[in-house]
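Colleague: I have a structure I would like to understand better, so I am pasting it below and will then ask my questions one at a time.
The values are calculated or read from the model by the stated rules, or taken from the named source; none is laboratory data. Worth saying up front: this structure is predicted, and the values here are computed from it rather than measured. A quick note on method: Cβ atoms are made from the backbone with ideal geometry, for glycine too, and the neighbour counts reach across all protein chains shown. Calculation scope for accessible area: heavy atoms of the full protein, side chains included, ligands and nucleic acids excluded. Shrake-Rupley method; radii C 1.70, N 1.55, O 1.52, S 1.80 Å.
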Amino acid sequence: MTSRPPFPPFDERSAQQKVQAAEDAWNTRDPERVALAYTEDSVWRNRDTFLTGRDEIVAFLRQKWDRERDYALRKELWSYGGNRIAVRFQYECRDAQGQWWRSYGNELWEFDENGLMRRREASINDMAIGESERRILRPSLPAASQTAEDFSDH
């Protein structure tokens, strides 16, 4: 059995650590590494796609990052309690034709006692943007340098 500290129940500091760890991992665009943060039988809803287990998660993420080029993500803690965390996020990427996109979303996370995510529900909306409108110009920023402006809709 693997474990991923910090473990529930979460306080503000440990919830923020989980959020930053998720942002850092997703910005590697390494499906196998990302999948290790989830239970073997983790259940996901990502938009209109439903997945169960690490193998499906890895396959999904491979396809996602083949399609979403130059992917860069920011996550922000929204709320926490017990073994659950709510996050808002945005990411930018470009498609094969060179069109840039900004995607906004919310995630609900539920963890097991070993700190592995056993459930993830993500609602996501996409907006076409011009290259000059990009705000996320590199894969990750140190958590201390993120501001509310990083998430504003200007």
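Colleague: When residues of region 87-116 are filtered for being of a type in the set (G, A, S) and open to solvent by 20 Å² or more (accessible area, probe 1.4 Å), how many remain?
Modeller: So the count comes out to 2.
Colleague: Still on this model: Does G98 qualify as being among the small types (G, A, S), in contact with a strand residue (DSSP E or B) (Cβ under 8 Å, 6 or more places away or on another chain) and either on the phi > 0 side of the Ramachandran plot or in a strand (DSSP E or B) (or both)?
Modeller: no
Colleague: Within region 118-138, can you find the residues that are in a strand (DSSP E or B) and open to solvent by 60 Å² or more (accessible area, probe 1.4 Å)?
Modeller: Scanning region 118-138 gives R118, R119, N125, D126, M127.
Colleague: List the residue pairs whose Cβ atoms are under 8 Å apart, where the first residue sits in region 28-46 and is in contact (Cβ under 8 Å) with a residue 40 or more places away in the chain, the second is acidic (D, E) and open to solvent by less than 80 Å² (accessible area, probe 1.4 Å), and the two are 6 or more positions apart or on different chains.
Modeller: T39/D112; W44/E121; R45/E121
Colleague: Considering only residues of region 50-69 that are closer than 26 Å to P9 by Cα and touching a helix residue (DSSP H, G or I) at 6+ places or on another chain (Cβ under 7 Å), which is least open to solvent (accessible area, probe 1.4 Å)?
Modeller: I57
Colleague: Kindly evaluate A72 against the criterion of being at pLDDT 95 or above, of a type in the set (A, V, I, L, M) and out of contact with any helix residue (DSSP H, G or I) (no Cβ under 7 Å at 6 or more places or on another chain).
Modeller: Yes: the conditions hold for A72.
Colleague: Does A25 fit the bill of being within 11 Å of the chain's Cα centre (by Cα) and surrounded by 17 or more Cβ atoms within 10 Å (Cβ to Cβ)?
Modeller: Answer is yes for this residue.
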